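Trainee: For reference, the structure I am asking about is given below.
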Amino acid sequence: MILSSQFPDTSFIEAAFAEAVAAGERGEVPIGAVIVKEGQIIARSGNRTITDHDPSAHAEIAAIRQAGAILQSQRLVDCDLYVTLEPCAMCAAAISFARIRRLHFAASDPKGGGVLHGGKFYEQPTCHWKPQVNHGEGSEASAKLLQDFFRARRG
């Protein structure tokens, strides 16, 4: 269990971890995401790039697509996204374009992240919407999940 004062409801980040575990069991990189509106999870996904034969089917994008379909809107105003790893630049852009209110992520990603690392998407003058960002809690659990996954694949 992950406990944090940074995450308003630890059950949301735990739900994202459940999606990450399920993704790993499917052979996908174990990253999970959930989208919350008015205290309820409205969308959830793990990575689906292999399953869907789609390089853009990261957990965040899959959850955003699902939430957009449910809300019948391209904008996810008043929604919060919980994800187990710092979003890449592509996902950071999608989060911005969707106008997600808050982004909560567990582990930072120095190699591929696009929020705190790399291009730091939300700090660019071309970024028109920046969500409130909270991060760090659950980072050890996220890192362990990813390390165990890649260690097992390397054999």
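The values are calculated or read from the model by the stated rules, or taken from the named source; none is laboratory data. What you see is a predicted model, and the numbers here were worked out from it, not measured in a lab. Here the Cβ is made from the backbone with ideal geometry for all residues, glycine too, and neighbour counts use every protein chain on show. To get the accessible areas, we keep the full protein, side chains included, count just its heavy atoms, and leave off ligands, DNA and RNA. Shrake-Rupley method; radii C 1.70, N 1.55, O 1.52, S 1.80 Å.
Trainee: Going by amide H atoms built from the backbone, whose H comes under 5 Å of the H on Leu85, apart from near neighbours?
Mentor: Gly32, Ala106, Ala107
Trainee: Could you pull out every residue, at least 5 positions away or on a different chain, whose amide H is within less than 5 Å of the one on Arg99? Hs are placed 1.01 Å off N in the peptide plane, and Pro or chain starts have none.
Mentor: Leu76
Trainee: Against the longest principal axis of the chain, how steep is helix 59-71, in degrees 0 to 90 to the nearest 10, with axes from Cα atoms?
Mentor: With both axes taken from Cα atoms, the answer is about 40 degrees.
Trainee: Let's see if you can work this out: charge +1 on each Lys and Arg Cβ, -1 on each Asp and Glu Cβ, no other charges. What is the dipole magnitude of the chain about its Cα centre, in debye to the nearest 20?
Mentor: Using only the charged Cβ atoms, the result is roughly 300 debye.
Trainee: How high is the relative contact order of the chain, given as a whole-number percent (alpha carbon pairs under 8 Å, six or more residues apart)?
Mentor: 20
Trainee: Would you work out the charge dipole size for the range 33-90 about its Cα centre, treating the Cβ of every Lys and Arg as +1 and the Cβ of every Asp and Glu as -1, and quote it to the nearest 20 debye?
Mentor: The dipole of the range 33-90 has a size of about 140 debye.
Trainee: How large is the accessible surface of His135 in square angstrom, using a 1.4 angstrom probe and rounding to the nearest 10?
Mentor: Roughly 70 Å² of His135 is accessible to a 1.4 Å probe.
Trainee: Using +1 at the C-beta of Lys and Arg and -1 at the C-beta of Asp and Glu, which of Val29, His128, Val83 has the Cα lying farthest in the positive direction of the dipole of the range 6-155?
Mentor: His128
Trainee: Using DSSP to call loops (not H, G, I, E or B), can you name the trypsin sites (Lys or Arg not before Pro) in the range 87-155 whose Cβ has at most 11 other Cβ atoms within 10 angstrom?
Mentor: Lys111
Trainee: To continue, here is another question. Considering only protein heavy atoms and a probe of 1.4 Å, how much of the accessible area of the chain is carbon and sulfur, as a whole percent?
Mentor: About 52 percent, which is the carbon plus sulfur part of the accessible surface.
Trainee: Please list Glu137, Glu123, Glu86, Glu38 in order of solvent-accessible area, largest first, computed with a 1.4 Å probe with all protein chains present.
Mentor: Glu38, Glu123, Glu137, Glu86
Trainee: Short version: ³J(HN,Hα) in whole Hz for each residue of the range 82-93, in order, from phi by Karplus 6.51 cos²θ - 1.76 cosθ + 1.60 (θ = phi - 60°), x for Gly and Pro, what are they?
Mentor: 10, 9, 7, 9, 3, x, 6, 4, 4, 5, 4, 5
Trainee: Quick one: Karplus J couplings for the range 21-37, per residue in order, coefficients 6.51, -1.76, 1.60, θ = phi - 60°, nearest Hz, x for Gly and Pro?
Mentor: Per-residue couplings from phi come out as 4, 4, 4, x, 5, 8, x, 7, 4, x, 10, x, 9, 9, 10, 10, 9 Hz.
Trainee: Accessible area, 1.4 Å probe, largest first: how do Val133, Val83, Val77 sort?
Mentor: Per-residue accessible area, sorted high to low, gives Val77, Val133, Val83.
Trainee: Here's a follow-up. Please work out the average accessible area per residue across the range 1-145, using the 1.4 Å probe convention, and give it in Å².
Mentor: Accessible area per residue: 47 Å².
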